Amino acid sequence: MLLTLVSARASAISFDELQQSADAGVLLDWGKRYFYGVQAPQSVDRAIQLFCLAARQGSGEAQYRLGDIYARTLAGRRDEVLAAAWLLKAARSKYGAAKVRLAQWDLTAAEIATEPECVLSGQMLARTLPRPHPVAPPSIPPLAGPVPPGTGKNPPAVPKVTGKAPTRGAIERLVRLLAPDFGLNPELVLAVVEVESNFSPSAQSPKRAQGLMQLIPATARRFGVADPWDPHQNLRGGMAYLRWLLDHFDGDLRLALAGYNAGEGAVSLHGGIPPYTETRNYVRRVARVLGVSEDGLGAVDTRPRGQMRPPGVREGRKADAPGDWRSGFFAVGESG
């Protein structure tokens, strides 16, 4: 009966009816709708309830999504102990992205429940887990990141990216140099550049989006870009906007990418990824370039390799400090 109602008209199903479903796929689908506010009122608590029912039926994705909610501040607090418990269940259910998320914690001394609870936002605890000790990679590419201020006498020179047709290699080197300044994974930025302009500094869309990261004039002004056709300025402006979006959406890469394409206002208005074909395809294309599914974007580390998040700082956000990226774009006291 429930499946008949779903196929007839989604809006005709009540939340009470959904909770009676024995179909994990239906529960998972509606959990996403409530989570993103698409074809249902946005409600993290209702999403938790539906994901929980699907998770109890063995859905690895539902288990992963519960872990994702508890690992971030989506329900008002971050409970990493509960998040790890659900992610471990997802890993046992062969949901591959769970292992990537679990790697951010040292679980050797943690007491993790084998059958975790489903806790709503009002009852959540704030608990954290220790991070693993970072291990230096065997070799570090010359342009893996900038030399911190005051260290070394000869910081790497900024690659020259000039002329009407700089090589893709030169652009990639510049991205790898600049991205850590904004607390961004260079691979993420390169994926956005590929989808936006296919590495063409002269690209222009019918909506007047310009350059490598396709900045519209208003966004270019907002992030201090005087010449959007200059690759260096364009990349810095685009990275600043992407960084701002990740912070604004609490590290949710899907929403940040949707905001980059449609504007953060459209994402907030629709309570999730806007129902625009262009925006939905855009998010999928970036995911494809990164080698993951759209749902797998939650497992993508948006930070540079080896950059650990300080305690108390939201995922994807660098601690505010003198000389950080914000100071180059915002006056004191101004928001994005």
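Each reported figure results from applying straightforward, stated rules to the coordinates on display, with no laboratory input. Here the structure is a predicted model, which means the values were calculated and not measured. Cβ sites come from the backbone with ideal geometry, for glycine too, and all protein chains shown count toward neighbours.
Below, the figures for the structure above:
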read-out: Relative contact order of the range 31-107, defined on C-alpha pairs under 8 angstrom at six or more residues apart (%); value: 21
read-out: Distance (nanometres) between label positions extended 7 Å along Cα→Cβ at Asp295 and Arg280; value: 1.6
read-out: Sites Asp45 and Arg221 - FRET efficiency at Förster radius 41 Å, r taken between beta-carbons, to 0.05; value: 0.55
read-out: Protection proxy ranking, peptides 203-210, 258-265, average beta carbon neighbours within 10 Å, highest first; value: 258-265, 203-210
read-out: In sequence order, calculated HN-Hα J values of the range 232-239 (Karplus, 6.51, -1.76, 1.60; Hz; x Gly/Pro); value: 5, 5, 4, 5, 5, x, x, 5
